[in-house]
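Novice: I'd like to ask you about the structure that follows.
The values are calculated or read from the model by the stated rules, or taken from the named source; none is laboratory data. Everything quoted here is computed from the prediction, not taken from an experiment. Positions of Cβ are backbone-derived with ideal geometry, glycine not excepted, and every protein chain shown enters the neighbour counts. We work out accessible area using only protein heavy atoms, side chains counted, and drop any ligands, DNA or RNA first. Shrake-Rupley method; radii C 1.70, N 1.55, O 1.52, S 1.80 Å.
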Amino acid sequence: RTHFLSVYFFSPAVLVGRRALADSMVEELNVDVPFDAEVFIGGLPHAASEEEIKALLEEVAPIVKLRMPPAHVSTGMKNKGYAFAAYHTAQDASAAIERYKNYEWRGCTIGVTASRPRNELFLGNLPKWLTPKDFETRLRAVTPGLISVELAMGKGFAFAAYESNGAAERALKQEIIMDGSKVTTRYREPKANESALDQVTIAWVSSLSPEGKPGLPDDMTEEELATLCSNHGAVQKVCITESKGARIAFVTFEDRASIEEALNNLNGADVRGYKVKMELSTSGLGKGK
């Protein structure tokens, strides 16, 4: 079972921006809002423009920014029927949620709900000898807005929580190098309960080439990977696939002891000049059936 050590520290209050700034300027100036001040707007009429939606929402209070995914030009629509908006305060967001509940606007019934927080990141490919204090210090130096970290001692991965969605997004885009290795980052998956996590027997496998290119070697076969993993645990099957242009694999082990042994011995190991990356595959955990 993986054990986590948690380190907590708190930063100053998050910054807020002026209402007149456009989205692009907000991002450039790194303006933050608390994640409980962000809302999701659904059921929008497809003909509504960004300016019209912003004007509607600001009948409650000024907004810091509005994100509205554009519809494909071939559809002739101005939006996909939904948007995300950030108010200055959680109180303003709550007022918008209350006002626009089943709200009739331009022939449509719209609704506003709290936006799901995305302020936690997964960080992989970490040096296994890192201590919680050292990891905290290094990460805090390059990613402002950090609230807490959970380091899996000796496992090469950790989780980090930030004070806002914006702070987490900037950390996600930040190149982080620790002891010469590039740290991999992605949003944290919905938290799985411990009993479910303890039952995972599927590993996600990739690697980094000597040039730093992600993905398994082009000529590596499923049989070769199965043999490699079988040296450390009983393997049921191996499936090599492709994700974002890189070859990755999912390896199913027979039991929990086998996958833990493989993780301990293969994650970070050098195979044919490639640095192996192996993690528990948590896809589907914590989600409803």
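Novice: Answer with yes or no whether SER209 is over 30 Å from HIS88 (Cβ atoms) and either among the polar types (S, T, N, Q) or without any contact (Cβ under 8 Å) to a residue 60 or more places away in the chain (or both).
Specialist: In short, yes.
Novice: If you scan the stretch 100-154, which residues turn out to be within 30 Å of GLY180 (Cβ to Cβ), touching a residue at least 40 places away in the same chain (Cβ under 8 Å), more than 19 Å from the chain's Cα centre (by Cα) and open to solvent by 60 Å² or more (accessible area, probe 1.4 Å)?
Specialist: LYS128, LYS133, ARG138, MET153
Novice: Only residues that are open to solvent by 90 Å² or more (accessible area, probe 1.4 Å) and at pLDDT 90 or above: list them for the stretch 214-225, please. Talk me through it step by step, then tell me what you get.
Specialist: Narrowing the stretch 214-225 to residues open to solvent by 90 Å² or more (accessible area, probe 1.4 Å): 218-219, 223.
Matches in the stretch 214-225: ASP218, ASP219.
Novice: Please enumerate the residues belonging to the stretch 41-89 that are open to solvent by 30 Å² or more (accessible area, probe 1.4 Å), touching a residue at least 40 places away in the same chain (Cβ under 8 Å) and under 25 Å from the mean Cα position of the chain (by Cα).
Specialist: Within the stretch 41-89, ARG67, TYR82, PHE84, HIS88, THR89 meet the criteria.
Novice: Could you tell me whether any residue of the stretch 197-213 is farther than 20 Å from ALA269 by Cβ, at pLDDT 90 or above and either in a strand (DSSP E or B) or not polar (S, T, N, Q) (or both)?
Specialist: There is no residue in the stretch 197-213 that is farther than 20 Å from ALA269 by Cβ, at pLDDT 90 or above and either in a strand (DSSP E or B) or not polar (S, T, N, Q) (or both).
Novice: Considering only residues of the stretch 226-241 that are hydrophobic (A, V, I, L, M, F, W, C) and out of contact with any Cys (no Cβ under 9 Å at 6 or more places or on another chain), which is surrounded by the fewest Cβ atoms within 10 Å (Cβ to Cβ)?
Specialist: Only one residue fits best here, namely CYS239.
Novice: What's the number of the condition ALA269 fails, among (1) open to solvent by less than 50 Å² (accessible area, probe 1.4 Å); (2) in contact (Cβ under 8 Å) with a residue 24 or more places away in the chain?
Specialist: Unmet condition: (2).
Novice: Looking at this structure, is ALA262 within 18 Å of PRO127 (Cα to Cα) and touching a His at 6+ places or on another chain (Cβ under 8 Å)? First the steps, then the outcome.
Specialist: Values: within 18 Å of PRO127 (Cα to Cα): yes; touching a His at 6+ places or on another chain (Cβ under 8 Å): yes.
When the stated conditions are applied, ALA262 passes them.
Novice: Looking only at the stretch 242-266, which residues are of a type in the set (Asp, Glu), loosely packed, with under 14 Cβ neighbours inside 10 Å and at pLDDT 80 or above?
Specialist: Within the stretch 242-266, just GLU242 meets the criteria.
Novice: Checking GLN236 against (1) at pLDDT 85 or above; (2) not in a loop (DSSP other than H, G, I, E, B), which single condition isn't satisfied?
Specialist: Checking GLN236 against (1) at pLDDT 85 or above; (2) not in a loop (DSSP other than H, G, I, E, B), the one that fails is (1).
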